[in-house]
1. Which of Asn168, Ile196, Gln300 sits closest to the plus end of the dipole of the chain, meaning its Cα is farthest towards the positive end, when Lys and Arg get +1 and Asp and Glu get -1 on the C-beta?
2. Could you work out the relative contact order of the range 46-137? I mean the mean sequence separation of Cα pairs under 8 Å and 6+ apart, divided by the number of residues, in percent.
3. Which value, in debye to the nearest 20, gives the size of the charge dipole of the range 38-152 about its Cα centre, when Lys and Arg are +1 and Asp and Glu are -1 at the Cβ?
4. When the dipole is taken about the Cα centre of the chain, and only Lys, Arg (+1) and Asp, Glu (-1) are charged at their Cβ, what size is it in debye, to the nearest 20?
5. Please identify, among Asp31, Asp240, Asp62, the residue showing maximal mean-square fluctuation in a Gaussian network model of the chain using a 10 angstrom Cα cutoff.
6. Using only the heavy atoms of the protein chains and a 1.4 Å probe, how would Arg160, Arg180 rank by accessible area, largest first?
7. Starting from the Cα gyration tensor of the range 1-122, take the square roots of the eigenvalues, sort them a ≥ b ≥ c, and report rounded, prolate or oblate (rounded when a/c is under 1.5, otherwise prolate if a/b is larger than b/c, else oblate).
8. In debye, nearest 20: dipole of the range 199-260 around its Cα centre with unit charges on the Cβ of K, R (+) and D, E (-)?
Amino acid sequence: MFNQRPVNQHYVSRLLLKRFKLPGHPLQCYDVAARQWRTKSVEKACADSGYNQLITSHGIDDTLETEFSKIESRIPKALRLLERIAADGSTDLPVQVFTDLCQYCAFLTLSSIAAKASAVVNFVYNLNLEIEIGQRHLLRELAIPETIIAEWKPVVLSGRRVIIEADNALQLIYRHQFRRRFRDESALYRHTKWVICTSPIDLPIADIGLIPLSQKEPKLNRYILPVGPRLVLQGIFFHDVSRNSPNQALKTLVLTLEEAQECVDIICSAAVAEIFCQQRIVDIEESLRRATAAGIEFLQIANPREVIGAGLKLTMNRLHFYERVSRLRSLVR
């Protein structure tokens, strides 16, 4: 779908943001860098012109946003069921509802500022790894001839790297990585053990909607998705995949005050620039300090505006590859 004018697009689902505002009132927004509160409308929160689009000589490609809108339109039913489950106890989600929820989580993950910022680095890493170990998944998608791969392999094994150059590579590769990873990301969430948790205190939502948190012992990924001021969906995916299974059964949990406060600390710490809530959190600075003291860390994005606004730049829609010793400039540190 090619349009001719950029439109406002959210990198945290508008549907979620609306659940964190009081009727007739704007969102309360905490600016992490400025350490100041202000109000913000849902329309302007976690949004920018053309965040997901691709501008080429043919016009504006908005197919990614269109696909997300289709999934988002089915999520209100899932959220209503989550609320009912939290109130009534453990139950199974209908298969289609669970599928929609997993795809929604995949979209939230892959369209986040963090995923967009790291897209080029991950792309180049995967490209060189495939050259080194002889895989062909990404290389085949890029239609790289075997003769070229054969020339690259000794270069990569010697410690050099194949990197890329393109007009607006960030937006082009962000969308490429999104489409490559969407099916696998959805499958990961299908095999995640989910618990819908009721909180005794109000929760915020960060400008990273679905928060991934790695744990070393046992090795697992923990996911935190605030779906309301007093409701949070949490998931566990074990690195030992034999411990995971596709299961639509959701457990329920009433968080203790300490567990709820930990959730607040993690959500606040995950924010790139902004935290949103119904009512201002008086001890938000203390939450950030506790998260730091607990060793909770997330990617720090060097230039969020460059990442967010990449969709407004013209892209030639092709990549150039060449060999280089120096490291690719990263948008994360």
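The values are calculated or read from the model by the stated rules, or taken from the named source; none is laboratory data. Since this is a predicted model, take the numbers as computed values, not measurements. Quick reminder, even Gly has a Cβ in these numbers, built from the backbone with ideal geometry, and neighbours come from all protein chains shown. Calculation scope for accessible area: heavy atoms of the full protein, side chains included, ligands and nucleic acids excluded. Shrake-Rupley method; radii C 1.70, N 1.55, O 1.52, S 1.80 Å.
1. Asn168
2. On the way: 37 pairs, mean separation 17.8, N = 92.
Reported as a whole number, the value is 19 percent.
3. Values: 11 positive and 16 negative charges, 106 e Å.
Approximately 500 debye in magnitude.
4. So the dipole magnitude of the chain works out to roughly 280 debye.
5. Maximum fluctuation in the GNM of the chain, among the listed residues, is at Asp240.
6. Working: Arg160 90, Arg180 65 Å².
So the residues, ranked largest to smallest area, are Arg160, Arg180.
7. Since a/c reaches 1.5 but b/c is at least a/b, the shape of the range 1-122 is classed as oblate.
8. Values: 6 positive and 6 negative charges, 47 e Å.
Dipole of the range 199-260, to the nearest 20 debye: 220 debye.
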